[in-house]
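*Asks:* The structure's right below; bear with me while I get my questions together.
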Amino acid sequence: MKVSNICCIGAGYVGGPTMTMIAAKCPHIKVNVVDINKKRIDSWNDPDVSNIPIYEPGLSDLVKKTRGKNLFFTTDVNQAILDADMIFISVNTPTKTYGVGKGMAADLKYIELCARQIAEVATTDKIIVEKSTLPVRTAEALRSILDNTGNGVHFDILSNPEFLAEGTAVSDLLNPDRVLIGAENTEKGKKAQQALVDVYSNWVSQERILTTNVWSSELSKLTANAFLAQRVSSINALSELCEVTEADVNEVARAIGTDSRIGAKFLQSSVGFGGSCFQKDILNLVYIAQTYGLQEVADYWEQVIIMNDHQKRRFAKKIVKTLFNTVSGKKITLLGWAFKKDTNDTRESAAIYVADYLLNEQAEVTVYDPKVTNEQIYSDLNYLGTRSDEENRRLLKVENNPMKAVENAHATAVLTEWDEFVQYDWKQIYEHMLKPAFLFDGRMLLDHEKMKQIGFDVYTIGKG
Ligand code: UDX
Ligand code: UDX
């Protein structure tokens, strides 16, 4: 079977870039990206491609090349479903905030809504591709909804988890380490799997396309994220030990990373990992293990999250302690709000939790981030529900000029590793700040010896 029309439900951080790449590499396939959020679709269609809703290096250019040719963004979900041979589901699957599994399980209500809509609308056979990260055996639930509510047409279900990392989405999509496609073990299932293999084969070499059964594919996505996050928590656990001994966590990371069995990547100690996936997927894994009565397995993975929460909290605590045990009424400037550099995504960013802690200590927090909007910063804080929206606006200021942001600050803290922070005139920053000028580097980003020479009192994660 040859795919000529693809629909993707969900124009988010995953759906948007992934479909743009498919459109760019498969000019013979028409790709419709749909979303219920009209505002989001409107910005994907903005005549000025620098206004698309997601900031990713290289993405605007790709959108410019493909949009209106074989890539379309629309809110007409039904028409896109009707026209498609293959439908990717790329809607969000947040952690449940209510009922059974609250705070742990993935909320599948959007996935279910999509499945019901597809079943209701489809008049021809479709291949359904799970792109969203899902708990193992979600395909079973999808199958049940599709078969019981459909118009008698046939659905094949594939699992094709996305491994792109934000900030490098375009290059990850262009040169993936692997593409994983799980299928049901039936003749039709295999044919559907081959149809998706053929789509990716337009630019990914065969040996990088792995085919498995559906359950392995679903579980592999959770496992990959759990392993990656576990490395960050492991090095962060060591960073605390380094601070009380005379070891330097960067030196330790380099020393162990050269062991080819361990490898050098994902050993960068930080103020804690963020992002939409790591915490959610581990909680999900923990919940699944618990559901099957595997308490030790659940506890083992939960520790990765406990360590990460500890890392964020201890960084904030360190600021308070260093500033003579009180930050009340003191101006503290946070450089960076995004959960990593080169993205405007702030989901689960460590900065949110550090800011909240400092606000509880009555600090006057000022934030500067090169890509995150003011509204996003307030909305992240308000979402925590620690204090009223008005109070957040009164206590926290967002500044769009970094030099202004640090003016008269008691302390400056680096929370995201944006390249531009390294380029700043730190001598000038020092002059703008109150003395003693405290500098907290949550990303081990700056040249600390140089900072000390300028006159800063420097604290950095992982160094005594
Ligand atoms: C999402 C999931 O969070 C992640 O687990 C998965 O791996 C990929 O999809 P992301 O693309 O980052 O990640 O989410 P988000 O940016 O929130 O985009 C989801 C989009 O789906 C939103 O624009 C939302 O409006 C849309 N949506 C949601 C629908 O179009 N229909 C729905 O019923 C629900
Ligand atoms: C992650 C996975 O890498 C990706 O494969 C999956 O599809 C989605 O989840 P993402 O969350 O976009 O991607 O970014 P990633 O680069 O993995 O970083 C996650 C967090 O860990 C960031 O806050 C980052 O700053 C932090 N991190 C990463 C560290 O603190 N140290 C490291 O060494 C690496």
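The values are calculated or read from the model by the stated rules, or taken from the named source; none is laboratory data. All values derive from a computational prediction rather than experimental measurement. In this analysis, Cβ positions are derived from the backbone assuming ideal geometry, glycine residues included, and neighbour counts consider all displayed protein chains.
*Asks:* Exactly one condition in (1) more than 16 Å from ligand 2 (Cβ to nearest atom); (2) assigned to a loop (DSSP other than H, G, I, E, B); (3) within 23 Å of the chain's Cα centre (by Cα); (4) surrounded by fewer than 24 Cβ atoms within 10 Å (Cβ to Cβ) is false for residue 60; which is it?
*Replies:* (2)
*Asks:* Right, next: From the list 343, 326, which one is among the hydroxyl-bearing types (Ser, Thr, Tyr), surrounded by 21 or more Cβ atoms within 10 Å (Cβ to Cβ) and either outside any helix (DSSP H, G or I) or touching a Cys at 6+ places or on another chain (Cβ under 9 Å) (or both)?
*Replies:* Among 343, 326, only 343 is among the hydroxyl-bearing types (Ser, Thr, Tyr), surrounded by 21 or more Cβ atoms within 10 Å (Cβ to Cβ) and either outside any helix (DSSP H, G or I) or touching a Cys at 6+ places or on another chain (Cβ under 9 Å) (or both).
*Asks:* While we're looking at this one, here's another question. Check 25, 39, 65 and return the single one that is over 21 Å from residue 277 (Cα atoms) and within 11 Å of ligand 1 (Cβ to nearest atom).
*Replies:* Residue meeting the stated conditions: 39.
*Asks:* Sort through 231, 254, 208 and tell me the only one that's farther than 28 Å from residue 339 by Cα, within 16 Å of ligand 2 (Cβ to nearest atom) and not acidic (Asp, Glu).
*Replies:* 208 is the lone residue from the list that is farther than 28 Å from residue 339 by Cα, within 16 Å of ligand 2 (Cβ to nearest atom) and not acidic (Asp, Glu).
*Asks:* Could we say that residue 129 is within 14 Å of ligand 2 (Cβ to nearest atom) and at pLDDT 95 or above here?
*Replies:* no
*Asks:* Is at least one residue of region 389-410 away from ligand 2 (no atom under 16 Å from the Cβ), without any contact (Cβ under 8 Å) to a residue 60 or more places away in the chain and touching a His at 6+ places or on another chain (Cβ under 7 Å)?
*Replies:* Yes, region 389-410 contains at least one residue that is away from ligand 2 (no atom under 16 Å from the Cβ), without any contact (Cβ under 8 Å) to a residue 60 or more places away in the chain and touching a His at 6+ places or on another chain (Cβ under 7 Å).
*Asks:* So if I check each of 29, 9, 52, which one is more than 16 Å from ligand 2 (Cβ to nearest atom), hydrophobic (A, V, I, L, M, F, W, C) and surrounded by fewer than 22 Cβ atoms within 10 Å (Cβ to Cβ)?
*Replies:* 29
*Asks:* Residue 412: assigned to a loop (DSSP other than H, G, I, E, B), touching a Ser or Thr at 6+ places or on another chain (Cβ under 9 Å) and among the β-branched types (Val, Ile, Thr), yes or no?
*Replies:* no
*Asks:* Further question on the same structure: Looking only at region 86-100, count every residue that is away from ligand 1 (no atom under 12 Å from the Cβ) and surrounded by fewer than 18 Cβ atoms within 10 Å (Cβ to Cβ) and tell me the total.
*Replies:* The number of residues fulfilling the criteria is 4.
*Asks:* Can you give me the number of residues within region 423-464 that are within 26 Å of residue 237 (Cβ to Cβ) and touching a His at 6+ places or on another chain (Cβ under 8 Å)?
*Replies:* The number of residues fulfilling the criteria is 5.
*Asks:* Right, here's the next one. Tally the residues that are assigned to a helix (DSSP H, G or I) and without any contact (Cβ under 8 Å) to a residue 40 or more places away in the chain, restricting the search to region 195-229.
*Replies:* Going through region 195-229 one residue at a time, the tally reaches 7.
One line per residue, one yes/no per condition, for (1) touching a helix residue (DSSP H, G or I) at 6+ places or on another chain (Cβ under 7 Å); (2) at pLDDT 95 or above; (3) outside any helix (DSSP H, G or I):
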site: 231; (1), (2), (3): no, yes, no
site: 235; (1), (2), (3): yes, yes, no
site: 239; (1), (2), (3): yes, yes, no
site: 243; (1), (2), (3): no, yes, no
site: 251; (1), (2), (3): no, yes, no
site: 254; (1), (2), (3): no, yes, no
site: 266; (1), (2), (3): yes, yes, yes
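*Asks:* Which residues, counting only those in region 257-269, are within 11 Å of ligand 2 (Cβ to nearest atom), surrounded by fewer than 17 Cβ atoms within 10 Å (Cβ to Cβ) and not small (Gly, Ala, Ser)?
*Replies:* If the condition is that a residue be within 11 Å of ligand 2 (Cβ to nearest atom), surrounded by fewer than 17 Cβ atoms within 10 Å (Cβ to Cβ) and not small (Gly, Ala, Ser), then 265, 266 are the ones that fit.
*Asks:* Just a yes or no: is a residue in region 369-384 in contact (Cβ under 8 Å) with a residue 60 or more places away in the chain and part of a helix (DSSP H, G or I)?
*Replies:* No, the conditions are met nowhere in region 369-384.
*Asks:* Is at least one residue of region 89-111 at pLDDT 95 or above and assigned to a strand (DSSP E or B)?
*Replies:* So far as region 89-111 goes, yes, one or more of its residues are at pLDDT 95 or above and assigned to a strand (DSSP E or B).
*Asks:* Please count how many residues of region 12-26 are in contact with a Gly (Cβ under 9 Å, 6 or more places away or on another chain) and either surrounded by fewer than 24 Cβ atoms within 10 Å (Cβ to Cβ) or assigned to a strand (DSSP E or B) (or both).
*Replies:* 0
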